[in-house]
Amino acid sequence: MRVHVKLLATYHKYLPPDAEGSTYPVEVEPGTTVEELVASLPVPGGDASVILVNGRGPQPGQILQEDDVVCLFPAIAGG
């Protein structure tokens with residue numbers, strides 16, 4: 001099953017060489033959760049990242065669907 005990973009801001013440095021723009025396809029097994037996909041990516045995880053699936057925050061344990069777009073970017077703190 002194919003989903004699309006979009007890496008923004010400083011995460012651009014983790015894009016594979018064949019990525020088109022900031023997005024690239026990833027093959028995952030049916031039943032893969034958002035957390036499992038993110039854990040498999042070469043980007044810092046945990047609270048350091050903002051994660052969106054199709055433009056919305058994912059539910060805990062959310063299972064990915066064909067052609068979902070998973071977008072990651074670093075959380076930015078300001079003051």
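The values are calculated or read from the model by the stated rules, or taken from the named source; none is laboratory data. Because the structure is a prediction, the values reported are computed rather than measured. Cβ placement follows ideal geometry from the backbone for every residue including glycine, while neighbour counts extend to all protein chains displayed.
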Some residue of the stretch 46-68 being part of a helix (DSSP H, G or I), free of Cβ contacts under 8 Å to residues at least 40 places away in the same chain, among the hydroxyl-bearing types (Ser, Thr, Tyr) and touching a strand residue (DSSP E or B) at 6+ places or on another chain (Cβ under 9 Å): no
Note on the stretch 35-79: residues at pLDDT below 95, among the hydrophobic types (A, V, I, L, M, F, W, C), surrounded by 12 or more Cβ atoms within 10 Å (Cβ to Cβ) and over 15 Å from Leu8 (Cβ atoms) are none
Can you pull out the residues in the stretch 1-34 that are assigned to a loop (DSSP other than H, G, I, E, B) and either surrounded by fewer than 15 Cβ atoms within 10 Å (Cβ to Cβ) or in contact (Cβ under 8 Å) with a residue 40 or more places away in the chain (or both)? Met1, Leu8, Pro16, Pro17, Asp18, Gly21, Glu29, Pro30, Gly31
